[in-house]
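The structure appears right after this line, and notes come after that.
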Amino acid sequence: MLLRAMQYLSPEEVAHGRFCWNEECQYCRVHFDLGPETPNRVGLSCKLMVQEGMRITEMAQEIRYCLRELGLGLTNKDLANKDLTNKDLDNQGFDKDKEEPKGQG
Ligand code: FES
């Protein structure tokens, strides 16, 4: 699973993240593709298997926060504005029962 792979990068932080590891919280949401000129998709990293050529193009705030020590470009302003609710995900129309945004499946 992709989230487990991320835990190898930052073991303590991901272990202490607010992840349910059960496809419910959506704090592990990522956007990804499988290489150049492949469609961008949305998935839950607690469910998503890592694939050869996979490129993560966007990560939920919780993941970025947990990986902040890796220097992935999250600014202090981003951290200060960290949304501690699922409101952002709801506003983006993400359907937690599917891996695709609402209206695209
Ligand atoms: S960790 Fe909660 S949905 Fe993936």
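Values in this text are rule-based calculations from the coordinates and carry no lab data. What you see is a predicted model, and the numbers here were worked out from it, not measured in a lab. Glycine also receives a Cβ, built like all others from the backbone with ideal geometry; neighbour counts cover every protein chain displayed.
Taking the range 26-64, which trypsin sites (Lys or Arg not before Pro) meet the DSSP loop condition and have no more than 14 other C-beta atoms within 10 Å?
Working: sites: 29, 41, 47, 55, 64; in loops: 47.
The qualifying sites are 47.
Calculate the spin-label point distance for residue 72 paired with residue 1, positioning each point 7 Å from the Cα along the beta-carbon direction, and give it in nanometres.
Each label point is offset 7 Å from its Cα along the Cβ direction, giving 1.6 nm.
Subtracting the Cα-Cα distance from 0.36 nm times the residue separation, let me have the gained length for residue 47 to residue 9 in nm, one decimal.
So the extension gain works out to 11.9 nm.
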